[in-house]
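Step one of this worksheet: look at the structure below.
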Amino acid sequence: MPEKPIDHIDFNELNAKAVSKPLVTHLFTADPSAHVFEGRIYIYPSHDIDAGVPFDDLGSHFAMEDYHVFSMEHPEAEVVDHGPVLHIRDVPWAEKQLWAPDATEKDGSYYLFFPAKDFKGIFRIGVATSGSPAGPFIPQPQAIKNSFSIDPAVFKDNEVDYYMYFGGIWGGQLQRWRTGTFNREGDGPFVHLPAADEPALCAKVAKLSDDLLGFAEEPKDVILLDENGIPLRQGDTERRFFEAPWVHRYNGKYYFSYSTGDTHYICYAVGDNAYGPFTYRGRILNPVVGWTSHHSIVEFAGKWYLFYHDSSLSEGITHLRSMKVTELTYDEIGDIRTIDPYHR
Ligand code: FUB
């Protein structure tokens, strides 16, 4: 993925204007998926490293190898690092690139969902289990059957049904699955993408099986509509889905939020059920320093919080990011107020 120009950024000034500070500074962390388990906030982020892999538009430089779990008593509290909980060497089917994970709980067991490239260079999604939200997690020997692409996010609906949302274009390979099988033809991030005036590629959603180790159904498209009920177009780059799906419920409505990738926004759309369709409503987060933007939204003690990341601590190195948190608010009709990550 290309860099955004950072030549003219004064990082002292930028950090002074940031609405929040990195949650930890002893590691680089990104893509924070936050949940409340056992009354505490647990965060499941990517663990960024510099593996020395050259930059490209497929994100090969995001060459992460393990995950740590973090927790905090409340959003202003000290963050506890529970240490490494899963390493790629312990995942039999995975070769490289442990990207954005998520976690969920069922009947006292905890499930960590994670994307990685298999030994054929294809992103799949795996699951690992633990008796504790802090891990360590034991991976299943195989990736989830029929899984593909990246960025799993699991949403528990009505305390009963579990849905996985996933997908990402460019390096996330979603465009290579348009016919239902992986299309190896052609190089680069743009081959197999729809034309600008065609409906945009959609994130996917699938209900999980009772044991949460597999899909209970074929993944379906998460359709995003514009204000006229028309599916967003691929060329609508400031609104169409790119990666980083997340779902939460607020006042009975389902909020599907996501990154627009190359235009660097976190946006959202609202629907009436977990499958959608969802109608585009606006921006949650304006661009951060660093190419990627990836978030989660969680309610804690009656307030809502946006967990996100930026590359301010590494002074703009796109694959060395830091997770952050800030409060998220709604207006009287349930629209999310846009957050500027740096005060103007
Ligand atoms: O962290 C690697 C990738 O960068 C994630 O999977 C994407 O969502 C982007 O944040």
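Only the coordinates and a few stated rules stand behind these numbers; no lab work does. What you see is a predicted model, and the numbers here were worked out from it, not measured in a lab. Neighbour counts are summed over all protein chains in view; Cβ atoms, including those assigned to glycine, are modelled from backbone coordinates with ideal geometry.
Other residues whose C-beta falls under 13 angstrom from the C-beta of Y305 contribute a net charge of -1, scoring Lys and Arg +1 and Asp and Glu -1. So what is the relative contact order for the chain, in percent, with contacts set as C-alpha pairs under 8 Å and at least six apart? Relative contact order, the chain: 17 percent.
Is the chain best put as rounded, prolate or oblate by its Cα gyration tensor, with a ≥ b ≥ c the root eigenvalues, rounded for a/c under 1.5, and otherwise prolate when a/b is larger than b/c, oblate when not? Rounded, since a/c falls under 1.5. Between the range 187-236 and the range 12-31, the alpha-carbon centres lie 32 Å apart. Once the mean of 1/r is taken over each pair of separate Cα atoms and inverted, the range 103-179 shows a Kirkwood hydrodynamic radius of 13.3 Å.
Phi angles of the range 208-213 translate, via the Karplus equation with coefficients 6.51, -1.76, 1.60 and θ = phi - 60°, into HN-Hα couplings of 8, 5, 4, 7, 6, 9 Hz per residue; Gly and Pro are given as x. Using the Cα gyration tensor of the range 89-240, with a ≥ b ≥ c the square roots of its eigenvalues, what is the shape: rounded (a/c below 1.5), prolate (a/b larger than b/c) or oblate (neither)? Here the range 89-240 falls in the oblate category. Each Lys or Arg adds one and each Asp or Glu subtracts one; over the other residues with Cβ under 12 Å from the Cβ of S60, this totals 0.
Pick from V69, V53, V247: which residue has the top mean-square fluctuation in a GNM of the chain where Cα pairs under 10 Å get a spring? Answer for the Gaussian network model of the chain: V53.
Between the alpha-carbon centres of the range 323-344 and the range 269-296 there is a gap of 12 Å. By the equivalent-ellipsoid construction on the alpha carbon gyration tensor, the range 158-279 comes out with semi-axes of 24, 19, 12 Å, ordered largest to smallest.
With Cα atoms defining each centre, the range 114-158 and the range 62-82 are spaced 18 Å apart in the structure.
Each Lys or Arg adds one and each Asp or Glu subtracts one; over the other residues with Cβ under 10 Å from the Cβ of Y111, this totals -2.
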